[in-house]
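Participant: The following block contains the structure, expressed as structure tokens.
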Amino acid sequence: MDSIIRNTITVGLPALMLFIAIAATGKTGDAAVWSGLVKVGGSFGMLIGLGVLVFAGFVANYFSYFVVDSLLVRFYQKRRELEQPEQLVTEIDKLPITNDLKIKLKWAVMHRITNKSLSLKHVILKWFMLAAFVNALLSITGYLGEFNLVFELTSHFKLQYLLGGISIFIFFALVRSKKIWLLVSAFCIIINLAEIVPWYFPAPAFAGATPGQNLRILHSNVLTNNRRYSDVISLVKAEQPDIAVFVEVSRVWAKELAVLSEIFPYSSNLQESERFGSVIYSKLPLENASIKAFSKQRKSLFANVKFQGKIISLILVHPTVPVKQQSFIDRNRQLAALGEYAAQVKNPLIVLGDFNTTMWSPFYKNMVKTAKLRNARSGFGILPTWPTFMPLAYIPIDHFLVSKEIGVLKIRTGRNVGSDHLPLITDLVI
């Protein structure tokens, strides 16, 4: 019986993953299987997808031992407190389980565990095994984010999975047991490093550009409930950007930020509600300022800026937060429509804002591919920006996207100004 349960768990996890991937392709027959494997492999392709399924089955098999054996052992240890061990041993002999498990159960009912330190070590070991399994599972489900809101949410925490994998690897290396979990943690380290390391390479382009020829843009999600107006304004004055953009601007924030008109003679704003709005402040003239509706919710600001004799198009976006299925669908539609629109813009293009998604989301990847844009972070690191109130959960959801005509001199986060987002400051060269 225990072997049947183990085999079901072993086969069930990769089968479920493949079934979800196949269902999302909308195909049938052999083509559906191959397409499903490609989906599981994400940007790494079909062979990696197959490897992920095999590895998932491998991990599930070992986890099944933890589930089946541990539960039965605990069950009989509890019964031993009320029943005679001899009666339990007789009962165990009649169970339809493997001989290995019978031996474990008999040992559990015939021996009392008196060494508390040994028991604590066993519990810690089991918890790390569970942590390794969960870390591996979450690292994998992120690649299925195109199919489900929950899966997509798990795609954002690559840095956390990497750090978790390193910690778990060190633990199992020190205890020198359960080598399989060393492999599991190494797997987590490798696949998450593959997603993080490329953001630090290659070296930033245009490093030798002449000072004074760059275009500095500051972006800040100020947070509607934030009241540190002076901190935001002083940051803008200290950084001296050519363009400053803000999202989550309430009517109160709009009034407070109006003082920036002394520095920035040109502006364009969008106030969708009492609590949510967007605004662009610029030292350069804004032309053809307009509002773009890429979805039914959260409209975007568009404007052209003339810089060094060239017209640059600027789009400030703030898609909906994907916490419910409808907002998840709306955000994804907005990203898709944004990508299609950006691909048609003839001028050098900058798309920036709080995207409410990371670079590892499949919807983000599809959008930048369609738009033919690149993230200004490339070469500068992942630069997490949210949430400031929980640093261990930091993820990068604020972005500067630029077309190929625009070089990035530098991009960095600004100081905390009371918002749940850190500002982003970018120096560009055309």
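Participant: Report whether or not A393 is aliphatic (A, V, I, L, M) and touching a helix residue (DSSP H, G or I) at 6+ places or on another chain (Cβ under 8 Å).
Facilitator: yes
Participant: Moving on. Which one is most open to solvent (accessible area, probe 1.4 Å), of the residues in region 155-183 that are free of Cβ contacts under 8 Å to residues at least 12 places away in the same chain and farther than 22 Å from I196 by Cβ?
Facilitator: Here the residue is R176.
Participant: For region 220-228, indicate whether the set of residues that are free of Cβ contacts under 8 Å to residues at least 60 places away in the same chain, open to solvent by 40 Å² or more (accessible area, probe 1.4 Å) and touching a Pro at 6+ places or on another chain (Cβ under 7 Å) is non-empty.
Facilitator: no
Participant: Any residue at all in region 115-129 that's within 24 Å of T10 (Cβ to Cβ), surrounded by fewer than 16 Cβ atoms within 10 Å (Cβ to Cβ) and modelled with pLDDT of 90 or more?
Facilitator: Checked against the condition, which is being within 24 Å of T10 (Cβ to Cβ), surrounded by fewer than 16 Cβ atoms within 10 Å (Cβ to Cβ) and modelled with pLDDT of 90 or more, region 115-129 yields no hits at all.
Participant: Filter region 70-95 down to the residues that are farther than 19 Å from H122 by Cβ and among the aliphatic types (A, V, I, L, M) and list them by number.
Facilitator: Once the filter is applied, which keeps residues that are farther than 19 Å from H122 by Cβ and among the aliphatic types (A, V, I, L, M), region 70-95 yields L82, L88, V89, I92, L95.
Participant: Does T98 count as touching a residue at least 60 places away in the same chain (Cβ under 8 Å), more than 20 Å from K126 (Cβ to Cβ), among the polar types (S, T, N, Q) and surrounded by 10 or more Cβ atoms within 10 Å (Cβ to Cβ)?
Facilitator: Taking the combined requirement at face value, the residue satisfies it.
Participant: For L349, which of the numbered conditions (1) over 26 Å from L270 (Cα atoms); (2) buried (at least 19 other Cβ atoms within 10 Å of the Cβ); (3) in contact with an Asp or Glu (Cβ under 9 Å, 6 or more places away or on another chain) fails to hold?
Facilitator: Single failed check for L349: (1).
Participant: Among residues belonging to region 381-430 that are within 17 Å of V368 (Cα to Cα) and of a type in the set (D, E, K, R), point out the one that is modelled with the highest pLDDT.
Facilitator: That would be D398.
Participant: Show the residue pairs meeting these rules: Cβ distance below 7 Å; 6+ apart or different chains; first residue within region 8-31 and in a helix (DSSP H, G or I) and open to solvent by 40 Å² or more (accessible area, probe 1.4 Å); second residue modelled with pLDDT under 70 and of a type in the set (K, R).
Facilitator: From residues that are in a helix (DSSP H, G or I) and open to solvent by 40 Å² or more (accessible area, probe 1.4 Å), the pairs are A24/K39.
Participant: Suppose the filter is among the aromatic types (F, W, Y), at pLDDT 80 or above and part of a helix (DSSP H, G or I); does F133 pass it?
Facilitator: Yes, satisfied.
Participant: Here is a follow-up. Conditions: (1) open to solvent by 70 Å² or more (accessible area, probe 1.4 Å); (2) under 30 Å from A15 (Cα atoms); (3) modelled with pLDDT of 70 or more; (4) over 24 Å from the mean Cα position of the chain (by Cα). L50 meets all but one. Number of the miss?
Facilitator: That leaves (4) as the condition not met.
Participant: Can you tell me which residue is farthest from Q344 (Cα to Cα) among those in region 374-426 that are acidic (D, E) and surrounded by fewer than 22 Cβ atoms within 10 Å (Cβ to Cβ)?
Facilitator: Checked region 374-426; the qualifying residue farthest from Q344 (Cα to Cα) is D420.
Participant: Which condition from (1) in contact (Cβ under 8 Å) with a residue 12 or more places away in the chain; (2) under 21 Å from I397 (Cβ atoms) is the one that I312 breaks?
Facilitator: Unmet for I312, out of (1) in contact (Cβ under 8 Å) with a residue 12 or more places away in the chain; (2) under 21 Å from I397 (Cβ atoms): (2).
Participant: In region 296-346, which residues are crowded, with 23+ Cβ neighbours inside 10 Å and either touching a Lys or Arg at 6+ places or on another chain (Cβ under 6 Å) or among the polar types (S, T, N, Q) (or both)?
Facilitator: S300, H318, P319, N332, Q334
Here is a yes/no grid of residues against (1) more than 22 Å from W253 (Cβ to Cβ); (2) assigned to a strand (DSSP E or B):
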{"site": "G379", "(1), (2)": "yes, no"}
{"site": "F389", "(1), (2)": "no, no"}
{"site": "E405", "(1), (2)": "yes, no"}
{"site": "V408", "(1), (2)": "yes, yes"}
{"site": "L422", "(1), (2)": "no, no"}
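Participant: For region 357-372, how many residues meet the condition of being in a loop (DSSP other than H, G, I, E, B) and open to solvent by less than 20 Å² (accessible area, probe 1.4 Å)?
Facilitator: Number of matching residues: 5.
The values are calculated or read from the model by the stated rules, or taken from the named source; none is laboratory data. Quantities reported herein were computed from a predicted structural model and do not represent experimental measurements. Positions of Cβ are generated from backbone atoms using ideal geometry, with glycine treated the same way; all protein chains shown enter the neighbour counts. Calculation scope for accessible area: heavy atoms of the full protein, side chains included, ligands and nucleic acids excluded. Shrake-Rupley method; radii C 1.70, N 1.55, O 1.52, S 1.80 Å.
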